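Asker: Sharing a structure here in structure tokens format.
The values are calculated or read from the model by the stated rules, or taken from the named source; none is laboratory data. The model shown is predicted, which means the values in this text are computed figures rather than measured ones. Cβ placement follows ideal geometry from the backbone for every residue including glycine, while neighbour counts extend to all protein chains displayed.
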Amino acid sequence: MIERDYFSDHEVLKDPYAFFNAIRDEGPVYRPPGKDYYIVTGFEEALEVLRDHESFSAIIGLQGAGAPLPFTPHGSDITDQIEEHRVAFAGGDQVVNLDDEPHTRLRAFINTLFVPSRLKASEKFIEVYCDEMVGNAVADGGVELIGKIATPYVTMVVADLLGVPMEDRQLFMDAIAKGPVPGALDGTDPMAGGAEHPFAIMGTYFYGYLADRRANPGDDILTQFAHAKYNDGSTPEVYDLVQLGMFMFGAGQDTSAKLLGNSMKYLVADQPLQSRLRAEPKLIGAFLEEVLRIEGSTKQTARLARRDAKIGDVEIPAGTKILLALSAANRDPRRWDDPDELIIGRKKAIEHLGFGRGKHVCAGAPLARVEVRVIMEKFLQMTSTIELDLEKHPNGLADLNYEPSFIIRGLDRMHIKLVPADGFVAPQKQDTGLTAAKTWSTASSRISDLLSNDAALAVVEKHFPGISDNPQIGMAKGMTLRAVQAFAPDQFTDAALDEVDAELAELF
């Protein structure tokens, strides 16, 4: 087992825990045979590395410990060598790979996006969006969770937080879907693709957003983003803000979407657990913390020793690559009793490393906890039973496949069946016939239903020209115009929506 290649073996992809357990048997800090990196599986040892920013650089966070360095290390301190070759590392200028002052400055700025007041505002949007999205899925009797719910959902939430215009959000999501998988098992460079790479596509738009807001400030988050200052009062370079916006948009999709899928896997596999959470929704937060521990979205991260150091009692020379197995540290039996068991209310479960630790701890963790908790509450509130769809997965959980990534632990798809709870009221689905038009409104009718009727379509097009031909509106067609207004208030104003309602009422 220890001779398997973590970075390319698809059997390890299916069950990384068996691989890491075999490595752990050799010690909490171990160099596999024939490899030029160490794997850290111990909780305390991983914590030690994550907190020691002087000794360990984050420069290989994206490319991983398995990729070769772009230079030959020499000496007991290679800090200068790393900086000289930073541009040669995959994503060397991304915040996840930065060290020292450049990271500190950007990270302090990121933290301003996740203040309690902003998260509270986001939670209001999340509530509205979840009611629509989950309600429609329950009314339909089931859904493919990852592609139809998880990814669009978290995309809209982070887009709302950053202020990305609604008409561009689907374009961004499509670009990310077509781009290379972070930590691809086939060895694809995570930054490959040139002008077609998602970051290159999104970068063009972010440059435009920031340039416009600096010239024409408004009352929105993008304006705050464009005019933000570092803690020392200096103004960030537009390039740095563009890089940050792109990374947050991309990273905001993966971890939260995968957490929702991983969490739902436990609920469909354990109906008593599902019933317990449905009866005691206050336990959902503790349940998610335990899922983050036992099967978090991020399996590993990586560090490069930039000076001679020690991890535990193992000497680590400068230039040594380190694979920090977060998912193994979170199951370290020296730290956790019954580490492979999901136990709600586990003592100090929140101390897991699912979001990392130290200066590079996930800045979006507070948002991730909120968005996954809220949508899980909605799923349980609106259903009496959630089950795996055995027509699509006849072999049950064994049919579920994972995204081919050495970084991310997440399902690529998962079909579930949803049985409505007693008293469930579905979001209003309108007949496309003219007899139903008199009951239509921007508050109760799906956009898709309005656009499918000629009379209603004429009204909507009159006030929102081009909406029916706009491919970016596709991800919102299952929502109402009033719900869409929550994250596109400038495009769908109260006045315009009121006029649409008045004209729909006069059709018959």
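Asker: Against the condition within 22 Å of VAL361 (Cα to Cα) and modelled with pLDDT of 95 or more, how does LEU62 come out, does it pass?
Answerer: It is false that LEU62 is within 22 Å of VAL361 (Cα to Cα) and modelled with pLDDT of 95 or more.
Asker: With (1) of a type in the set (D, E, K, R); (2) within 18 Å of the chain's Cα centre (by Cα); (3) farther than 24 Å from LYS229 by Cβ as the list, and ASP160 as the residue in question, which single condition is left unmet?
Answerer: Evaluating ASP160 over (1) of a type in the set (D, E, K, R); (2) within 18 Å of the chain's Cα centre (by Cα); (3) farther than 24 Å from LYS229 by Cβ leaves (3) as the failure.
Let's see how each residue does on (1) surrounded by fewer than 16 Cβ atoms within 10 Å (Cβ to Cβ); (2) more than 22 Å from the chain's Cα centre (by Cα); (3) part of a helix (DSSP H, G or I):
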| position | (1), (2), (3) |
| --- | --- |
| GLN63 | no, no, no |
| ALA90 | no, no, no |
| LEU106 | no, no, yes |
| PHE109 | no, no, yes |
| LYS120 | yes, no, yes |
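Asker: Another one. Any residue in segment 34-47 that's touching a residue at least 40 places away in the same chain (Cβ under 8 Å): show its pairings with residues that are part of a helix (DSSP H, G or I) at Cβ separation under 6 Å, as long as the two are six or more apart or on different chains.
Answerer: Qualifying pairs under 6 Å: ILE39/ILE23; VAL40/ALA46; THR41/PHE20; THR41/ILE23; THR41/ARG24; THR41/ALA328; PHE43/ALA329; ALA46/ALA329.
Asker: How about segment 145-185: which of its residues are over 22 Å from LEU411 (Cβ atoms), outside any helix (DSSP H, G or I) and touching a helix residue (DSSP H, G or I) at 6+ places or on another chain (Cβ under 6 Å)?
Answerer: Scanning segment 145-185 gives a single hit, GLY163.
Asker: Determine, yes or no, whether ALA67 is part of a helix (DSSP H, G or I) and without any contact (Cβ under 8 Å) to a residue 40 or more places away in the chain.
Answerer: no
Asker: Filter segment 1-47 for residues that are in a helix (DSSP H, G or I) and more than 26 Å from the chain's Cα centre (by Cα); which is nearest to ILE350 (Cα to Cα)?
Answerer: GLU44
Asker: A further question follows. Out of LEU388, LEU367, I need the residue that is in contact with a Gly (Cβ under 8 Å, 6 or more places away or on another chain), in the same structural domain as ARG278 (by TED's automatic domain parsing), touching a residue at least 24 places away in the same chain (Cβ under 8 Å) and under 24 Å from ARG105 (Cα atoms). Which one?
Answerer: Going through LEU388, LEU367 in turn, the sole match is LEU367.
Asker: Something else now. Output the residues belonging to segment 295-338 that are among the small types (Gly, Ala, Ser) and either at pLDDT below 95 or assigned to a loop (DSSP other than H, G, I, E, B) (or both).
Answerer: Of everything in segment 295-338, those that are among the small types (Gly, Ala, Ser) and either at pLDDT below 95 or assigned to a loop (DSSP other than H, G, I, E, B) (or both) turn out to be GLY296, SER297, GLY312, ALA318, GLY319, ALA325.
Asker: Please verify whether VAL138 is touching a Phe, Trp or Tyr at 6+ places or on another chain (Cβ under 7 Å), under 22 Å from SER263 (Cβ atoms) and aliphatic (A, V, I, L, M), treating the condition exactly as stated.
Answerer: For VAL138, the condition - touching a Phe, Trp or Tyr at 6+ places or on another chain (Cβ under 7 Å), under 22 Å from SER263 (Cβ atoms) and aliphatic (A, V, I, L, M) - is met.
Asker: Any chance segment 366-389 includes a residue that's surrounded by 15 or more Cβ atoms within 10 Å (Cβ to Cβ), assigned to a loop (DSSP other than H, G, I, E, B) and of a type in the set (D, E, K, R)?
Answerer: yes
Asker: Something else: Here is a list of conditions, (1) buried (at least 20 other Cβ atoms within 10 Å of the Cβ); (2) over 22 Å from the mean Cα position of the chain (by Cα); (3) in a helix (DSSP H, G or I), and VAL268 meets all of them except one; can you say which number that is?
Answerer: Evaluating VAL268 over (1) buried (at least 20 other Cβ atoms within 10 Å of the Cβ); (2) over 22 Å from the mean Cα position of the chain (by Cα); (3) in a helix (DSSP H, G or I) leaves (2) as the failure.
Asker: Still on this model: Which ones in segment 410-427 are touching a Gly at 6+ places or on another chain (Cβ under 7 Å) and part of a loop (DSSP other than H, G, I, E, B)?
Answerer: Hits for segment 410-427 are GLY410, ARG413, MET414, ALA426, PRO427.
Asker: What's the total number of residues in segment 209-256 that are modelled with pLDDT of 75 or more, in contact with a Ser or Thr (Cβ under 8 Å, 6 or more places away or on another chain) and among the charged types (D, E, K, R)?
Answerer: So the count comes out to 2.
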